[in-house]
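To start, the structure under review is shown below, and the notes come after it.
The values are calculated or read from the model by the stated rules, or taken from the named source; none is laboratory data. This one's a predicted model, so the numbers in the text were calculated from it and none came from an experiment. Using ideal geometry, Cβ is built from the backbone for each residue, glycine included, and neighbour counts are taken over all protein chains shown.
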């Protein structure tokens, strides 16, 4: 069956094709309301769909939004950023076009040029993790930055409120009664989030009257293996110096802390409480016991960025919007253990080589 044409709608409605075009696109107030309603009803009944290309030429809008990302499309636990952006685009009659560059600057330049030449209505620039970025050349001035902030504060952006998230993690442990709390951080100099989470963490400790021991902040590369190594180092300290709780930069490092505790014969949360960060899909909730963590608001950030770039909501171009990071309470936090119980339960690992390497999830 041939696809219905605008002339078919015009014939059925008893009006000209021009009137049909104006009625369907709401472009001429002189078309009477009853005529407009009749044309739209007939178009629906016969299954007529206006050409998006022709409509774009008339309105100079393509109803598309381009998204440039580094590795988001290939990173499963960041997919919620795409879901949030896609949902908001769909609700506002737009299609999202995603280009994942693999963090390759040459590919990025080509992708930006291609999307601009396609005349997308707007663009979003997204990264896998919170950091400051130099604005790539060729990006339109109304581009919104997602999960990153432009180094020159020239564009609107949305990032997680990592400082408040670190404070929430510390508060969970302090309110459970812990006073010797370690922070397993990231050593990547680009990771703004690591320092922000630490600052929020230390602020809560200070407010609780806890003098924090700098020896309880260790840095790793964010992997499960580094979390295991750092946690083992801390848990092998003399009993009166060991932390009773650990806040980890991400859920993978928290998983490493779980393995270190298991190596030493310690039980979570009876002997060691652990809080992660990310609420990484298929990871945090699958730990034994399930991991209490701070969720990264991927979906909410993706939705916010799309709504801003489409003009559905306003945003300050000079200040990054901080998206709250909620606490996801599970079973890895409890009160601090009695020291004597710790001593009786703990096994000794003579050296690091005795602990098998931990495969990455």
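Worth pointing out:
- Residue that is surrounded by the fewest Cβ atoms within 10 Å (Cβ to Cβ) [pool: residues in region 91-111 that are without any contact (Cβ under 8 Å) to a residue 60 or more places away in the chain and in a loop (DSSP other than H, G, I, E, B)]: 93
- Of all residues in region 254-284, those satisfying the criterion of being surrounded by 15 or more Cβ atoms within 10 Å (Cβ to Cβ) and under 18 Å from the mean Cα position of the chain (by Cα) are 276, 277, 278, 279, 280, 281, 283, 284.
- Meets criteria (touching a residue at least 12 places away in the same chain (Cβ under 8 Å), under 21 Å from residue 324 (Cβ atoms), surrounded by 14 or more Cβ atoms within 10 Å (Cβ to Cβ) and not assigned by TED's automatic domain parsing to the domain that holds residue 239) for residue 124: yes
- Sole exception among (1) buried (at least 20 other Cβ atoms within 10 Å of the Cβ); (2) out of contact with any helix residue (DSSP H, G or I) (no Cβ under 8 Å at 6 or more places or on another chain) for residue 238, by number: (1)
- Condition met for residue 179 (over 21 Å from residue 322 (Cα atoms) and outside any helix (DSSP H, G or I)): yes
- Scanning region 140-150 for residues that are more than 11 Å from the chain's Cα centre (by Cα) and either surrounded by fewer than 21 Cβ atoms within 10 Å (Cβ to Cβ) or outside any loop (DSSP other than H, G, I, E, B) (or both) turns up 140, 141, 142, 144, 145, 149, 150.
- Residue under evaluation residue 153, criteria (1) modelled with pLDDT under 90; (2) in a helix (DSSP H, G or I), criterion not met: (2)
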